[in-house]
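Got a structure here, written out as structure tokens. Questions coming.
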Amino acid sequence: MRDRTLIKRFFNHLFLFLMNKKEELDIIAGEVSKCALCPLSKSRTNTVPGSGDPDADILFVGEAPGEKEDLAGIPFCGAAGKFLDEMLASIGLTREKVFILNTVKCRPPGNRDPEDTEKEACKSYLNRQLEIIKPKLIVCLGRHSCNTFIPAAGGISKLHGKAVKRPNGQVYFALYHPAAALHNGGLRGTLMDDFKKVPAVLKKIKEQETKGNIKPDNDDKPIQTKLI
Ligand code: SF4
């Protein structure tokens, strides 16, 4: 009996080892589609696990799906998504060349903020996605996304347009949320200017990697952050 369990475990590990990133992400998307770990499962139409290039250097993280995303099962496909597409084009990218997801995979009713308990329930999916994609740069869209990844670095009004490197070497770049810029015209120009800094931040990360300045340690203390 024990031998059979060990053999089964061996083949499970072998199967996981042989899978490519897309297959691993598809497995997570399948789990998400059946997930009932938090109350958002009751009101959703579709889950929105995320989409894009599994080998992308840049990963964008918003907060939660909105109405259009809930209906389509695709992240950032409404007006804010169209604006995001325009900004990606302004730096020579498309959504197929990056990865886009949210901190929670189901729409909060009426587009309210997700509760901390809902974010916590959904966190393991997000962490597994990040572990598979291993982006060089995580772009936090809006204050909620910033609070999730770089809570000690300051508010979005202070942080936007800046890159923060955490002790584990992961670099984050803070931007206003495209929806916030659509509602507040004053933020639109700021967001577009900040967005244009993304290629330079990625270039700097690659240069630092070449020089061996990114430490692959596990000292993942969220308190200690520094701007690169
Ligand atoms: S938001 Fe996340 S944890 Fe909650 S039901 Fe959806 S997939 Fe599950």
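Multiply the residue gap between residue 204 and residue 188 by 0.36 nm, knock off their C-alpha separation, and tell me the result in nm, one decimal place.
On the way: separation 16, 0.36 × 16 = 5.76 nm, distance 2.54 nm.
Between residue 204 and residue 188, full extension yields 3.2 nm more.
Just check segment 34-136 against the gyration tensor rule for me: Cα atoms, a ≥ b ≥ c as the square roots of the eigenvalues, rounded for a/c under 1.5, and otherwise prolate or oblate depending on whether a/b exceeds b/c. Write down the numbers at each step before the final one.
On the way: a/c = 2.28, a/b = 1.39, b/c = 1.64.
It comes out oblate by the Cα gyration axes.
For residue 4 and residue 72, calculate 0.36 nm times their separation in residues minus their Cα-Cα distance, and state this gained length in nm to one decimal. The partial results should precede the final answer.
Details: separation 68, 0.36 × 68 = 24.48 nm, distance 4.29 nm.
Roughly 20.2 nm would be gained on extension.
Helix-only mean residue ellipticity at 222 nm, the chain, DSSP H runs n ≥ 4 weighted -39,500 (n - 2.57), per residue, nearest 500. What is it? Present the calculation step by step, with values, prior to reporting the outcome.
Working: 11 runs with 112 residues, N = 228.
The helix-only estimate for the chain comes to -14500 deg cm²/dmol at 222 nm.
Hey, another quick one. What list of ³J(HN,Hα) values in whole Hz, one per residue of segment 115-127 in order, does the Karplus curve 6.51 cos²θ - 1.76 cosθ + 1.60 (θ = phi - 60°) give from phi, with Gly and Pro shown as x?
6, 4, 5, 5, 5, 5, 5, 8, 4, 5, 5, 4, 4
Between segment 103-178 and segment 36-56, what's the alpha-carbon centroid distance in Å?
Computed from Cα coordinates, the inter-centre distance equals 15 Å.
Report the antiparallel proportion of the DSSP beta bridges in the chain as a percent, rounded to a multiple of 5.
Numbers: 7 of 20 bridges.
Of those bridges, close to 35 percent are antiparallel.
Rounded to whole Hz and in sequence order, give me ³J(HN,Hα) for segment 33-45 from the Karplus expression 6.51 cos²θ - 1.76 cosθ + 1.60, θ = phi - 60°, writing x for Gly and Pro.
4, 10, 5, 9, 6, 9, x, 5, 5, 6, 9, 6, 8
Sorting check: for 3-9, 28-34, 43-49, which peptide has the highest mean count of neighbouring beta carbons within 10 Å, and how do the rest follow?
Numbers: 3-9: 9.1, 28-34: 14.9, 43-49: 19.7.
Put in order of decreasing packing, that is 43-49, 28-34, 3-9.
To continue, here is another question. In whole Hz and in residue order, list the ³J(HN,Hα) couplings for segment 184-195 that follow from phi through the Karplus curve 6.51 cos²θ - 1.76 cosθ + 1.60, θ = phi - 60°; x for Gly and Pro.
Each residue's phi maps through the Karplus curve to give 10, x, x, 8, 4, x, 4, 4, 5, 5, 4, 4 Hz.
In nanometres, what is the gap between the two model label sites at residue 26 and residue 11, each 7 Å from Cα along Cα-to-Cβ?
Going from the residue 26 label point to the residue 11 one covers 2.0 nm.
Normalised by the number of residues in segment 4-97, what is the relative contact order in percent for Cα pairs under 8 Å and 6+ residues apart? Numbers along the way, then the final one.
Values: 56 pairs, mean separation 20.8, N = 94.
Result for segment 4-97 is 22 percent.
Relative contact order for the chain using alpha-carbon pairs under 8 Å, separation at least 6, rounded to a whole percent? Each step should come with its number before you reach the end.
Values: 366 pairs, mean separation 45.0, N = 228.
Computed over the chain, the figure is 20 percent.
Which value, to two decimals, describes the C-alpha radius of gyration of segment 20-227 once divided by 2.2 N^0.38 Å? Show your work: numbers first, answer last.
Working: Rg = 16.2 Å, N = 208, 2.2 N^0.38 = 16.7 Å.
Dividing the Cα radius of gyration by 2.2 N^0.38 Å gives 0.97.
Of the listed peptides 97-105, 177-185, what is their order by residue-averaged count of other C-beta atoms within 10 Å, with the highest listed first? Could the numbers behind the result be given before it?
On the way: 97-105: 24.1, 177-185: 17.7.
In descending order of packing, they fall as 97-105, 177-185.
To continue, here is another question. Can you give me the distance in nm between label points at residue 94 and residue 19, each placed 7 Å from the Cα along the Cα-to-Cβ direction?
Distance between the two pseudo-spin positions: 2.8 nm.
Read-outs throughout are calculated quantities, based only on the coordinates presented, and are distinct from any laboratory measurement. The model shown is predicted, which means the values in this text are computed figures rather than measured ones. Quick reminder, even Gly has a Cβ in these numbers, built from the backbone with ideal geometry, and neighbours come from all protein chains shown.
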